1. Filter the stretch 59-74 down to residues that are touching a residue at least 24 places away in the same chain (Cβ under 8 Å) and basic (Lys, Arg), then give me how many there are.
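The values are calculated or read from the model by the stated rules, or taken from the named source; none is laboratory data. This one's a predicted model, so the numbers in the text were calculated from it and none came from an experiment. Methodologically, a virtual Cβ is constructed for each residue, glycine included, from the backbone with ideal geometry; neighbour enumeration extends over all protein chains shown.
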Amino acid sequence: MDSSEQNGAALASKLTVDDVDVEFLPLIYEIIRRYGAGVERDPHDTNQKTRESQDTSQKVLELQKKLDQARNQIRRLPGVEHSKEEQLQKLETLRKQLQLKKELLLKYRNMCTFDIPKS
């Protein structure tokens with residue numbers, strides 16, 4: 001495994017939900033704005049309509065690429081490969097562990113301390 005593969009694996013393991021790029025609204029807005037502008041214009045200007053149609057198609061392709069990129073990022077998130085039931089079971093296990101650790105900490109905190117004479 002070379003260094004670029006190691007870096008890719010390290011980045012994939014560090015991916016969090018906050019890292020996933022899901023900024024779709026500006027592209028959607030741009031598509032709607034361009035499509036709406038094309039519908040309202042003069043129906044006889046075919047060159048302009050063709051150009052606007054191509055621009056809109058380009059924006060739709062950009063949106064599709066962005067959606068595919070977000071899907072790929074989401075698939076790399078930790079835990080996504082597990083079913084909902086498996087995730088809920090793991091969550092319940094972690095909650096039980098947390099409760100046990102809290103109880104142990106409380107127990108240790110309330111234990112008697114012995115005074116050790118200093119030499």
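1. 2
Quick grid of which residues meet (1) closer than 23 Å to Thr16 by Cα; (2) more than 19 Å from the chain's Cα centre (by Cα); (3) at pLDDT 90 or above:
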| site | (1), (2), (3) |
| --- | --- |
| Gln48 | no, yes, no |
| Asp55 | no, yes, no |
| Lys65 | yes, no, yes |
| Gln73 | yes, no, no |
| Gly79 | yes, no, no |
| Gln99 | no, yes, yes |
| Lys102 | no, yes, yes |
